[in-house]
Amino acid sequence: MGKNGLTLRIIIFLVLNDFLETYAHFCFKQSALSQNDLHIRGLGDITAFAHSMIVNPHLWIGLVCVSAIFVSWSTILSKIDLSVATPITSFSYVFIALISWLFLHEYVSPLRWAGIFFILAGVIFVSMSSHDNTDVAP
């Protein structure tokens, strides 16, 4: 049996979850970019890599975001069905493409933008179906 529909509070948590996920990925990318001259040839290189990652603020901010995502996601799933929540959080695909294009200067092809458009269309269909109260008890 399905849970209650989307409320404003749940929508806010869904949007927050997407923003946090996007920012976490951005932070992890920034952390990885700081290692662009990485060449691991021995134990000393592994130790240097681990140290540089541990002191990297982007890594820690990303990990804090992941922790906040866990709290947000747990709240969301306690209120709505997983089959509704997961597709709606696909907005992070859009946000990540925008952030990658705007701030990391990555190329996002027209075909990828078309795919993002179809993701958004799917999100709309899924959120509309969450209002459908035709759940059948087993």
**Prompt:** List pairs: first in the range 59-70 and hydroxyl-bearing (Ser, Thr, Tyr), second buried (at least 17 other Cβ atoms within 10 Å of the Cβ), Cβ under 8 Å, 6+ apart or cross-chain?
**Reply:** none
**Item:** Residues (modelled with pLDDT under 90 and not hydroxyl-bearing (Ser, Thr, Tyr)) located in the range 16-40
**Value:** 32, 33, 35, 36, 37, 38, 39, 40
**Request:** List every residue pair whose Cβ atoms lie under 6 Å apart, where the two residues are 6 or more positions apart in sequence or sit on different chains, the first residue falls within the range 100-125 and is more than 28 Å from residue 32 (Cα to Cα), and the second residue, located anywhere, is outside any helix (DSSP H, G or I).
**Result:** 123/90
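Being among the polar types (S, T, N, Q) and touching a helix residue (DSSP H, G or I) at 6+ places or on another chain (Cβ under 8 Å) is the requirement here; does residue 7 meet it? Break it down stepwise before answering.
Details: among the polar types (S, T, N, Q): yes; touching a helix residue (DSSP H, G or I) at 6+ places or on another chain (Cβ under 8 Å): yes.
For residue 7, the condition - among the polar types (S, T, N, Q) and touching a helix residue (DSSP H, G or I) at 6+ places or on another chain (Cβ under 8 Å) - is met.
I'm trying to understand the selection: among the residues of the range 25-41, which are among the small types (Gly, Ala, Ser), touching a residue at least 24 places away in the same chain (Cβ under 8 Å) and part of a helix (DSSP H, G or I)? Even if it seems obvious, please write down each step before you answer.
Step one: filter the range 25-41 for residues among the small types (Gly, Ala, Ser), giving 31-32, 34.
Filter again for touching a residue at least 24 places away in the same chain (Cβ under 8 Å), leaving 31, 34.
If the condition is that a residue be among the small types (Gly, Ala, Ser), touching a residue at least 24 places away in the same chain (Cβ under 8 Å) and part of a helix (DSSP H, G or I), then 31 is the only one that fits.
With the requirement that a residue be more than 12 Å from the chain's Cα centre (by Cα) and closer than 11 Å to residue 13 by Cβ, what does the range 73-89 give you?
74, 75, 76, 77, 78, 79, 80, 85 - these are the residues of the range 73-89 that are more than 12 Å from the chain's Cα centre (by Cα) and closer than 11 Å to residue 13 by Cβ.
The values are calculated or read from the model by the stated rules, or taken from the named source; none is laboratory data. The structure displayed is predicted, hence computed values, not measured ones. No Cβ is skipped: glycine too gets one built from the backbone with ideal geometry, and neighbour counts run over all protein chains shown.
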